[in-house]
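Please read the structure below before turning to the comments.
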Amino acid sequence: MRQIELRSDTQTKPTPEMRRAMYEAEVGDDVSGEDPTVNKLEEVSAQTLGKEAALFVTSGTMGNIVSVMTHVQRGDEILLEAQSHIYFYEVGGLAALAQAIPLLVQGRRFSILHPDDVKAAIRSPNIHYATPRLMCLENTHNRGGGTVMPPERMAELKQVAASKGMAVHLDGARVFNAAVALGVDVREITKHVDSVQVCLSKGLCAPVGSVVAGPKAFIEKARKNRKMLGGGMRQAGVIAAAGLVAITKMVSRLAEDHAKARTLAEGLANIRGIDVDLEAVHSNLVSYDVAGTGLSGAEYVEKLRLQGVRCGAQGPTRIRMVCHNDVSMDDIKETIRIADSVVSGRLT
Ligand code: TLP
C-alpha cells in the first residue's frame, strides 16, 4: 500500500534535478578547501543569508553544536526556549560537547520568547554564577508547531542579548519557511542574529546537509570545530550539489507546503474530538490534540498507519503532521478522509 508520509519534511527525496546535479558535480578535497561545489554552496549560502561566510555541515544537529561550541567556553550559560530543538532533541550535545549549562525560558503563545521573561531570567554578573554567553532562537519553532517568530521580536531579543554581552544563534532549520510565511527576504530574519544554522534536507529536499553562516572569523573557528567532531568531509561536492539546487531553486515552492498545511488543519478541525489551533498553523507543520477522540496519540498514529498515513506523536495525545514536496493536495484530502473515518470508528 502506498504510504502518505507526513512524519517529517526530513523524509523528502532528492528531486530529479538534484540527482543530475549530484551526478555531474565537480569535486575535490573539501578538508583542504578544494571542492569547488562545496565552495560554491558556502558562497551562495553566505550571500543568501546575508553573512560574511558559511560552512557546509552534515546535519542540523551538527550545525547547531558546531555553532554553540564556537560561541561558548566550558561552563558558560546558554539561554534557550524550553521546548527548543537544541535542548529537546539534540542528545544533550550542549552539555556533552560544548560543556555549557542551559538556562531555559518558557516561550509564550506559539512558543515565542518574550523579552521581559528573558530579561528576568538572565542574572547580573556574580562570582557564583555561570557566565551567560549565548541566546539560541528557533524560527520556525518545531515543537511550537512550525510557528514563526516575527523579525521585530527577534530584534528585541537581540537587543536584550547584546545588553548582557551575549551572542545570538538561530536554529533556522526551517528559516526559509519562516521567510516565505512572512513574505520577506530571509535576510530580514537573519540580520538579527550573529550565526544561523539552516537545513537543506527538510522542506528544501536535499538528501543531506545543513549550512552555518556568520562572520568570517566565526566560520573559520567553526570549521575547526567541525573537523574535531569528525565532520570534515572529502569529495563532499557530490552532496553539496543537491544543496545548491535546494537553496537556489526550492525556496519559493515552500508556499505550496504551507497551503497544504492550512487545508489539512482546516479539514482536521472539522473532525469531532480533534483540537487544532488554526491560528498556530503558520507554515508546513500541523500540531494537534486527539484527547477528545478517546484515542491515545500512539493508538491514533497506529490506526492511521494501517490505513496508509504516516504521522508522529509528540506527546501522550499530541500529533504532528508535516507537509512537504512529496505529498500532494490530493494526499492531504485523503488524509483528512482517513482521519475522519478512524476517529468516527468507521475504520479501526
Ligand atoms: N528535526 C526533526 C527531528 O529531529 C525532530 C524533525 O523531524 O522535525 N533544528 C530543528 C528546528 C529541527 O526541526 C531539526 C530536525 C534539527 C534542528 C536537526 O536537524 P538534523 O535532523 O538534520 O540533525
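The values are calculated or read from the model by the stated rules, or taken from the named source; none is laboratory data. Everything numeric in this text was worked out from a predicted model, so none of it was measured. Backbone-built Cβ (ideal geometry, glycine too); neighbour counts: all protein chains shown. Ligands, DNA and RNA are excluded from the accessible area calculation, which covers all protein heavy atoms including side chains. Shrake-Rupley method; radii C 1.70, N 1.55, O 1.52, S 1.80 Å.
Within the range 160-181, the residues that satisfy the criterion of being within 17 Å of R133 (Cβ to Cβ) and assigned to a helix (DSSP H, G or I) are V160, A161, A162, S163. Somewhere in the range 21-36, is a residue open to solvent by less than 40 Å² (accessible area, probe 1.4 Å), assigned to a helix (DSSP H, G or I), out of contact with any Ser or Thr (no Cβ under 7 Å at 6 or more places or on another chain) and of a type in the set (G, A, S)? Checked against the condition, which is being open to solvent by less than 40 Å² (accessible area, probe 1.4 Å), assigned to a helix (DSSP H, G or I), out of contact with any Ser or Thr (no Cβ under 7 Å at 6 or more places or on another chain) and of a type in the set (G, A, S), the range 21-36 yields at least one hit. Please indicate, with yes or no, whether at least one residue in the range 187-202 is at negative phi, crowded, with 23+ Cβ neighbours inside 10 Å and either in a helix (DSSP H, G or I) or not assigned by TED's automatic domain parsing to the domain that holds V160 (or both). Checking the range 187-202: at least one residue is at negative phi, crowded, with 23+ Cβ neighbours inside 10 Å and either in a helix (DSSP H, G or I) or not assigned by TED's automatic domain parsing to the domain that holds V160 (or both). The residues of the range 204-240 that are open to solvent by less than 10 Å² (accessible area, probe 1.4 Å) and farther than 15 Å from G60 by Cα, listed by number, are G214, I219, A236, G237. Taken over the range 11-33, the residue count meeting the criterion of being of a type outside the set (A, V, I, L, M, F, W, C), touching a Gly at 6+ places or on another chain (Cβ under 8 Å) and more than 20 Å from V212 (Cβ to Cβ) is 3. Under the condition of being open to solvent by 20 Å² or more (accessible area, probe 1.4 Å), touching a residue at least 24 places away in the same chain (Cβ under 8 Å) and under 21 Å from A222 (Cβ atoms), the residues counted in the range 155-172 number 3. Of all residues in the range 120-146, exactly one satisfies the criterion of being within 16 Å of the chain's Cα centre (by Cα) and away from the ligand (no atom under 11 Å from the Cβ), namely G145.
Give me the residue from the range 8-19 that is crowded, with 16+ Cβ neighbours inside 10 Å and over 14 Å from the mean Cα position of the chain (by Cα) and, out of that set, nearest to S328 (Cα to Cα). Residue satisfying both the conditions and the ranking: T12.
Within the range 207-234, take every residue that is over 14 Å from K40 (Cβ atoms) and touching a Gly at 6+ places or on another chain (Cβ under 7 Å) and give me the one that is nearest to the ligand (Cβ to nearest atom). Give the steps one after another, and end with the answer.
We begin by selecting, within the range 207-234, every residue over 14 Å from K40 (Cβ atoms); these are 207-208, 210, 212-234.
From the residues that got through so far, the ones that are touching a Gly at 6+ places or on another chain (Cβ under 7 Å) too are 210, 212, 226.
On the way: S210: 6, V212: 12, R226: 14 Å.
Out of the qualifying residues, it is S210.
Conditions (1) in contact with a Cys (Cβ under 8 Å, 6 or more places away or on another chain); (2) in the same structural domain as A259 (by TED's automatic domain parsing); (3) open to solvent by 30 Å² or more (accessible area, probe 1.4 Å), marked per residue:
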site: H282; (1), (2), (3): no, yes, yes
site: S287; (1), (2), (3): no, yes, no
site: G292; (1), (2), (3): no, yes, yes
site: L304; (1), (2), (3): yes, yes, no
site: V309; (1), (2), (3): no, yes, no
site: P316; (1), (2), (3): no, yes, yes
site: D331; (1), (2), (3): no, yes, no
site: T335; (1), (2), (3): no, yes, no
